[in-house]
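Visitor: Okay, handing you the structure first.
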Amino acid sequence: MSQQHTLARVDADLAAGRVPMARQRLRGLVSSFPYDLTLRRRLAEVYRLYGEAAEAGRWMYLEEDRCPDETAAFEERYGSPARRMKALAWRGPEALAATAFAESRLAAVRTARAEELGRPVDWDDPASYEEDADEEYVPDTGGWSFGGFVVGAGCLLGTVVFMGVWVLGVISLFSD
C-alpha cells in the first residue's frame, strides 16, 4: 500500500472517529519512512487527540516549532539518552534528517548517549545504545556463531535425508 493511499485511509479513519486505527497506520508509516518529518508531525497531532503530551512531544522532538511542554513531557518520560534514542525510532545517520534542526537534535541525543558509555553509538545498531549496554559491547561482525553453525548443519542434514528418501522412492518406483 502506498504512502499516499495509507494517508488517505488515515484521514478517513479520523473523519469516522477511528483514532486508534489512524494512530496505528501512522506508526507503521513512521516506521517505514523514519526520515519523513511530516508523518511524525501527523502522528503527534493524533496523540494530541488522546491528550498524550509525552507522545506528542516524542514525535515533534525533531521539529523546531515543537511545544516546550510536550518536549518536557517527552524528556521526562524517556529520561535517559538511551531511552530517547529508542523512542525516536530513527535509522541511519543524522545527515538524512530533512532539516538542520532535526539533524542537530538527533546528533545531540546520540552524542549524549555516546558520552555516557564512553564509546561511539550507532542509530542503526540498537544494541550499541541500549539502556543495559555494558562496557564490553562488541558490534556484530556478521561472522559465524556456534548457534548459526548448528542451525545450518541441521538444515543441511535435513536436506540430505529428504533427498535420500526421495531418491529411494524413485528407485523403488521403477524397480520390479
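Visitor: Within region 142-158, identify whether any single residue is part of a helix (DSSP H, G or I), open to solvent by 100 Å² or more (accessible area, probe 1.4 Å), farther than 30 Å from residue 59 by Cα and at pLDDT 85 or above, and answer yes or no.
Guide: Keep residues of region 142-158 that are part of a helix (DSSP H, G or I), which gives 146-158.
After this cut, where a residue has to be open to solvent by 100 Å² or more (accessible area, probe 1.4 Å) as well, the list is 146, 149, 156-157.
Of the ones still in play, those that are also farther than 30 Å from residue 59 by Cα are 146, 149, 156-157.
With at pLDDT 85 or above added as a condition, the list becomes 156-157.
Checked region 142-158: at least one residue is part of a helix (DSSP H, G or I), open to solvent by 100 Å² or more (accessible area, probe 1.4 Å), farther than 30 Å from residue 59 by Cα and at pLDDT 85 or above.
Visitor: Next up: Against the condition under 23 Å from residue 108 (Cβ atoms), in a helix (DSSP H, G or I) and aromatic (Phe, Trp, Tyr), how does residue 35 come out, does it pass? Can you show your working first?
Guide: Details: under 23 Å from residue 108 (Cβ atoms): yes; in a helix (DSSP H, G or I): no; aromatic (Phe, Trp, Tyr): yes.
Here the answer is no, as residue 35 does not meet what is asked.
Visitor: Follow-up question, since we're still on this one. Residue under question is residue 70, and the condition is that it be among the acidic types (Asp, Glu) and either surrounded by 17 or more Cβ atoms within 10 Å (Cβ to Cβ) or over 20 Å from the mean Cα position of the chain (by Cα) (or both); does it hold? Let's see the steps before the verdict.
Guide: Numbers: among the acidic types (Asp, Glu): yes; either surrounded by 17 or more Cβ atoms within 10 Å (Cβ to Cβ) or over 20 Å from the mean Cα position of the chain (by Cα) (or both): yes.
Spelling it out, residue 70 is indeed among the acidic types (Asp, Glu) and either surrounded by 17 or more Cβ atoms within 10 Å (Cβ to Cβ) or over 20 Å from the mean Cα position of the chain (by Cα) (or both).
Visitor: A further question on this structure: Out of curiosity, is residue 87 more than 13 Å from residue 40 (Cβ to Cβ) and either open to solvent by less than 20 Å² (accessible area, probe 1.4 Å) or of a type in the set (Gly, Ala, Ser) (or both)? Step through it out loud before you land on a result.
Guide: Values: more than 13 Å from residue 40 (Cβ to Cβ): no; either open to solvent by less than 20 Å² (accessible area, probe 1.4 Å) or of a type in the set (Gly, Ala, Ser) (or both): yes.
No; evaluated as a whole, the condition is false for this residue.
Visitor: Mind listing whichever residues of region 21-41 are open to solvent by 60 Å² or more (accessible area, probe 1.4 Å) and not hydrophobic (A, V, I, L, M, F, W, C)? Explain how you work it out, then say what you get.
Guide: At the first step, the residues of region 21-41 found to be open to solvent by 60 Å² or more (accessible area, probe 1.4 Å) are 21, 23-24, 27, 31-33, 35, 38, 41.
If the condition is that a residue be open to solvent by 60 Å² or more (accessible area, probe 1.4 Å) and not hydrophobic (A, V, I, L, M, F, W, C), then 23, 24, 27, 31, 32, 35, 38, 41 are the ones that fit.
Visitor: Related question: Quick check on this structure: which one of 89, 15, 82 is at pLDDT below 95 and more than 30 Å from residue 118 (Cβ to Cβ)?
Guide: Working: 89 fails: more than 30 Å from residue 118 (Cβ to Cβ); 82 fails: more than 30 Å from residue 118 (Cβ to Cβ).
15 is the lone residue from the list that is at pLDDT below 95 and more than 30 Å from residue 118 (Cβ to Cβ).
The values are calculated or read from the model by the stated rules, or taken from the named source; none is laboratory data. As the structure is a computational prediction, the values presented were derived from the model and not from experiment. Here the Cβ is made from the backbone with ideal geometry for all residues, glycine too, and neighbour counts use every protein chain on show. Accessible surface areas use protein heavy atoms only, side chains included; no ligands, DNA or RNA. Shrake-Rupley method; radii C 1.70, N 1.55, O 1.52, S 1.80 Å.
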